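First the structure, in the form of structure tokens, and then the observations on it.
No lab work stands behind these numbers, since they all come straight from the coordinates. This is a predicted model, so every value here is computed, not measured. Every residue, glycine among them, receives a Cβ derived from its backbone with ideal geometry; neighbour counts consider all protein chains shown.
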Amino acid sequence: MEILFSLVPLMSFAFVSSITPGPNNIMLTSSGIWFGFARSIPHMLGITFGFGVLLAVCAAGIGSLVIAVPAIHVLLKVLGSGYLLYLAWKLRDMGFSERLESGVRPMSFWGAAVFQFANPKAWVMAITGASAFLPLMQPVWLAIAIYCLIFCAINLPCISVWTGAGAVLRRYLNQPLWRTVFTATMVLLTVYSALAIWL
């Protein structure tokens, strides 16, 4: 019972950091709109898997080393912001019918997993969590495993909410005017996320 109580701060941090807006959640909302919830499941699972690996890497101490090397830190920012700007460009004129039938597909499991290593918010979450909320127990590998499992178990339902919200909004965006307004909003949020990486 004492061990469970000691994990409450970790669970709270995992929930707050996973449910708040960020590149993953913005992308999943868009995916829910354009492709629906079911077709976005590989994207969601890929995020959680890739983030779990990133959590383990940071908990093992490698994350702090990566962030401490300026060149690698800048490279991560360039990759993350570059992909988000690319995504904003693709979103700018996406529609529900012709373009989806012409080969546009949801992000794959592995694509979403790899993206976590170029996602600055994921790095901040992983490093902060490892430095402040890693369970103090032995052996260390068990502490890391518990940390990753708890974080991922909370992360997946949180990001699913954003996908579900997108899938619900899909029903109300059949009118061209509302679709245009919403698409413009998502593009602006994605561009903001790309710029916020450098702030």
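Results, tabulated for the structure shown:
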| read-out | value |
| --- | --- |
| Tensor-based shape of the stretch 147-199 (alpha-carbon gyration tensor, a/c under 1.5 rounded, otherwise prolate or oblate) | oblate |
| Whole-Hz ³J(HN,Hα) from phi, Karplus 6.51 cos²θ - 1.76 cosθ + 1.60, for the stretch 35-41, glycine and proline x | 10, x, 5, 4, 6, 8, 4 |
| Calculated from backbone phi, Karplus (6.51, -1.76, 1.60) coupling profile of the stretch 78-87 in Hz, x at Gly/Pro | 4, 5, x, 5, x, 5, 5, 5, 4, 5 |
| Percent RCO, i.e. relative contact order, over the chain, from Cα pairs under 8 Å lying at least 6 residues apart | 45 |
| Length released on extending from T20 to L195, taking residue separation times 0.36 nm less the Cα-Cα span | 61.3 nm |
| In Hz, Karplus ³J(HN,Hα) per residue of the stretch 119-128 (6.51, -1.76, 1.60; θ = phi - 60°; x = Gly, Pro) | 9, x, 4, 5, 5, 4, 4, 5, 5, 4 |
| For the chain, built as a Gaussian network whose Cα springs stay under 10 Å, the top-fluctuating residue of L28, L55, L79 | L79 |
| Among A130, A143, A122, residue whose mean-square fluctuation peaks in a GNM of the chain (springs only between Cα atoms under 10 Å) | A143 |
| Mean Cβ neighbour count within 10 Å, used as a protection proxy, ranking 16-25, 165-174, 105-114, 132-141 highest first | 16-25, 105-114, 165-174, 132-141 |
